[in-house]
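Working notes for the structure below.
The values are calculated or read from the model by the stated rules, or taken from the named source; none is laboratory data. Here the structure is a predicted model, which means the values were calculated and not measured. Don't worry about glycine lacking a Cβ; one is built from the backbone with ideal geometry, like all the others, and counts go over all protein chains shown. To get the accessible areas, we keep the full protein, side chains included, count just its heavy atoms, and leave off ligands, DNA and RNA. Shrake-Rupley method; radii C 1.70, N 1.55, O 1.52, S 1.80 Å.
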Amino acid sequence: MPDKITVKAPSSTANLGPGFDVFGLALNAFHDEVTLTRQDSGINITTDGNIPTRPTDNTAGLVVKNAKRKFKIRDGIKIDIKKRVPAGFGMGSSAASAAAAAVAVDRLFELGLDSDALVELAGSGEKASAGTIHYDNVAASVLGGFVIVRDNPLSVIRIKPPQSLRMCVAVPSITVPKKKTQASRSVIPTMISLKDSITNLSSATSIAAGFASGDSHMIGSSIRDVIVEPARQHMIPGFASVKRNALKAGATGVAISGAGPSVIAFSEKGADMDEIAAAMAKGFASAKTRCQTIICKPSVGAIVRG
Ligand code: HSE
């Protein structure tokens, strides 16, 4: 058994509009890197990021703690996190660290976990950040590509995205509340009309069909969410302009990335992604907000680096 393992895991976007808590897509925009080293006892966390280092408040720490209990691991574990996915912006930051930690602990202790068990373990760490467990980001970050989370029992369908799919993520420079995911989940309606549920179901199934048939245009043009987006968009300054501008500049679809406040535009090879990025930045600027734009592609999942 090795003494030390380093795993790199990608950022991700959850929901893709109508697939709330069900769809995830790994993005090569950012990566977190987690190194686990055996030590005599306890769990200690070091990081270059601005995140909690108490194991129960840290997604990677919670994954390791849960794995130690579940698999009766007696060794202590030192966790070092190189944080590159911006935390709290809807880019699957907490999930990337949790995913890397789950894959690393599996390798370090030769647990032999299958994909679903890895996602379940990574998801148990998400509780440290989101308060509730949802598997969309962690599934994408562990497995890569496009994922559909099937619940109860948990199992994940993974589909390789079309090569032609392109995205632009705009990350606004705003201060996000500490418990952002809880706050943005609290505004979602608990009751929805049959009409809205049909619209979102139609959009979500078309997105899944787009991934299954490798049709980037079908994916982007099916992104329509009449349930969660209307409830959350007030939390994102300039959202309506960002969306309108991106669509005008050639995006085929626009969604809030995960719980926000980042906004993601979808398009395909051949589109002028720089123009889409500039249009999104202009949308945020209209609300006196600066943003970072990242043009990206789907990513593979967590990778063991040694
Ligand atoms: N599906 C989750 C949400 C993702 O939208 O609340 C949070 O990262």
*For segment 174-200, what are the residues that are open to solvent by 40 Å² or more (accessible area, probe 1.4 Å), aliphatic (A, V, I, L, M) and closer than 21 Å to Glu126 by Cβ?*
Val187
*Name every residue in segment 221-277 that is more than 16 Å from the ligand (Cβ to nearest atom) and closer than 19 Å to Gly88 by Cβ, in order of residue number.*
Pro237, Gly238, Val242
_Filter result (in a strand (DSSP E or B) and in contact with a helix residue (DSSP H, G or I) (Cβ under 7 Å, 6 or more places away or on another chain)) within segment 285-305_ = Cys291, Thr293, Ile295, Val304
*Within segment 27-67, restricting attention to residues that are open to solvent by 40 Å² or more (accessible area, probe 1.4 Å) and in a helix (DSSP H, G or I), which residue is nearest to Arg166 (Cα to Cα)?*
Asp57
*For residues in segment 119-156 being more than 22 Å from Ala104 (Cα to Cα) and over 16 Å from the mean Cα position of the chain (by Cα), which is surrounded by the fewest Cβ atoms within 10 Å (Cβ to Cβ)?*
Asn152
*With respect to the numbered conditions (1) closer than 16 Å to Ala100 by Cα; (2) out of contact with any Asp or Glu (no Cβ under 6 Å at 6 or more places or on another chain); (3) more than 14 Å from the ligand (Cβ to nearest atom), which one is the sole condition not fulfilled by Lys8?*
(2)
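Do we have Ser141 as free of Cβ contacts under 8 Å to residues at least 40 places away in the same chain and under 23 Å from Lys8 (Cα atoms) here?
Details: free of Cβ contacts under 8 Å to residues at least 40 places away in the same chain: no; under 23 Å from Lys8 (Cα atoms): yes.
No: the conditions fail for Ser141.
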*In segment 159-182, is there at least one residue being more than 24 Å from Met280 (Cα to Cα), away from the ligand (no atom under 12 Å from the Cβ) and among the hydrophobic types (A, V, I, L, M, F, W, C)?*
yes
*Pairs, first free of Cβ contacts under 8 Å to residues at least 40 places away in the same chain in segment 253-272, second charged (D, E, K, R), C-beta under 6 Å, six or more apart*: Val254/Lys243
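Working only within segment 92-150, note down all residues that are among the hydroxyl-bearing types (Ser, Thr, Tyr), within 12 Å of the ligand (Cβ to nearest atom) and farther than 22 Å from Asp80 by Cα.
Looking only at segment 92-150, we keep the residues that are among the hydroxyl-bearing types (Ser, Thr, Tyr), and these are 93-94, 97, 115, 124, 129, 132, 135, 141.
Keeping just the survivors that are within 12 Å of the ligand (Cβ to nearest atom) gives 93-94, 129, 132, 135, 141.
Hits for segment 92-150 are Thr132, Tyr135.
With respect to Lys282, determine if the residue is open to solvent by 60 Å² or more (accessible area, probe 1.4 Å) and either part of a loop (DSSP other than H, G, I, E, B) or not charged (D, E, K, R) (or both). Lay out the reasoning, then the answer.
Details: open to solvent by 60 Å² or more (accessible area, probe 1.4 Å): yes; either part of a loop (DSSP other than H, G, I, E, B) or not charged (D, E, K, R) (or both): no.
So Lys282 does not fit the description; no.
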